[in-house]
1. Please state, rounded to one decimal and in Å, the Kirkwood hydrodynamic radius that the range A:1-136 gives when every pair of distinct Cα atoms enters the mean of 1/r.
2. Tally Lys and Arg at +1 and Asp and Glu at -1 over the other residues with C-beta under 13 Å from the C-beta of residue A:85: what net charge comes out?
3. Relative to the longest principal axis of the C-alpha atoms of chain A, give the angle of the C-alpha long axis of helix A:173-185, reported between 0 and 90° and rounded to the nearest 10°.
4. Build a GNM of chain A with springs between Cα atoms under 10 Å: which of A:186, A:146, A:133 gets the top mean-square fluctuation?
5. Of all beta bridges DSSP finds with both residues in the range B:1-132, what is the antiparallel percent, to the nearest 5?
6. What does the copy distance list look like for residue B:112, label position 7 Å along Cα→Cβ, in nm and ordered from shortest?
7. If one takes the longest principal axis of the Cα atoms in chain A, at what angle in degrees, from 0 to 90 and to the nearest 10, does the Cα axis of helix A:124-133 lie?
8. If you take every DSSP beta bridge fully contained in the protein assembly as shown, what fraction is antiparallel? Give it as a percent rounded to 5.
There are 2 protein chains.
Amino acid sequence: MKRIDVCLSPDLMHLYTVTDRTIVVVDILRATSCMTTAFAHGIDSIAPFAKLDDCLAMKAKGYYTAGERDGQKVEGFDLGNSPFEYMDEKLKGKKIAFTTTNGTQAIAKSEGAKEIIIGSFLNLSAVTNYLLKSDDNVLVVCAGWKGKVNLEDTLFAGALVELLKEHIEPDCDAPLAAQHLYNQAKNDLVGFLKNSSHVKRLARLNILKDIEFCLTPDQYHVVPVLRDGVLKS
Amino acid sequence: MKRIDVCLSPDLMHLYTVTDRTIVVVDILRATSCMTTAFAHGIDSIAPFAKLDDCLAMKAKGYYTAGERDGQKVEGFDLGNSPFEYMDEKLKGKKIAFTTTNGTQAIAKSEGAKEIIIGSFLNLSAVTNYLLKSDDNVLVVCAGWKGKVNLEDTLFAGALVELLKEHIEPDCDAPLAAQHLYNQAKNDLVGFLKNSSHVKRLARLNILKDIEFCLTPDQYHVVPVLRDGVLKS
């Protein structure tokens, strides 16, 4: 039976062997939700960057620059980190260079995996089906917040463990903990997360609409996949 | 209001400032359960060691040597890592040098904290009352398994967050996750943990009696405290 593990923080990546695994990178609020939305609306590709300057430099190469630091849009960038910005018709067929506080760092730390894909509640079933069809073991890498564990990414990891349980076996305790939390939260994700640290942080920035959207399962069928350093779907 | 945070793995200790905090080190299966049991049965002191050789060297100084690697007693040591071994009359007033795969490593990584104490379900209420009386913020450090997050230590952390919730506020998402898990598990800790990785590992070693005992709250009133590198109660 294939196996699934969950890395609850990018700062724990040294504990996992990834060469035989498909990694699902998740940053629900909001990097991987934005990426999923962008591909569902016809973007050509996304180049993820851990460093802000590397991302900004792509502007000269015709890329839209996008992302945030500490939850806020970066000065000089074309786009921020709200999924609603990525529904714009003008982005169809365009290339985006993307950097965020946590999500693109988690992608960078996943280097060496057999395959890297992007997960969010918005494409939950699509990711589930993708993993079912693959022969590889799975590692869900939660982006967290500056190394600390967060609830929303853990809940998404738990959703995958739960949905795959008949076919893919949990490796260790982190997937079990995530699964328990998801089963407790699944009927009201927004309510369950209302006291979580990042929801509070984003609520101060007045983006509750983003939060509710990012916690809505199965809006899109795309599965962004990283190939040669670039995400395509 | 005082604050409580939870470090789910010793490999995440770099994320926490500990100089103003009382750290509660927890390794339910079985290091901190053994330590609690030993003090409740009249041991004089426990010197914790991260390295096996450092621990073994204490034999020449008249210490009982104790602990495990990978769940099994170390060759040449006087005592293993079952709490029942620490109920022996002959240990009264004696000094123990202790090393384990995870628990004593977590103590070593907690260096620099304002205070370090030892927690287990066996002394849950005693630790709760100790933290209520202190003016310090709290960090629960879960020993985990070789850096990976485990359920039993997370549940203990969640028990503290739950029992202290009227008086000490959670800092971040890790304490909330632990609290949710504890509330889900509290009526049947043994049942909740039956699929966890370490319980399975220990079940193979035929020590289910240890597991049930280590998950029993409030057997003892002692609170071991680290002072000058030595635990006393």
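FYI, it's all coordinate maths here, none of it is from the lab. Keep in mind that this is a model prediction, so the values were computed, not measured. Cβ coordinates were reconstructed from backbone atoms using ideal geometry, including for glycine residues, and neighbour counts include every protein chain displayed.
1. Taking every pair of different Cα atoms in the range A:1-136, averaging 1/r and inverting gives 15.4 Å.
2. 0
3. 80
4. A:133
5. Roughly 10 percent of the beta bridges in the range B:1-132 run antiparallel, per DSSP.
6. 2.5
7. 60
8. 25
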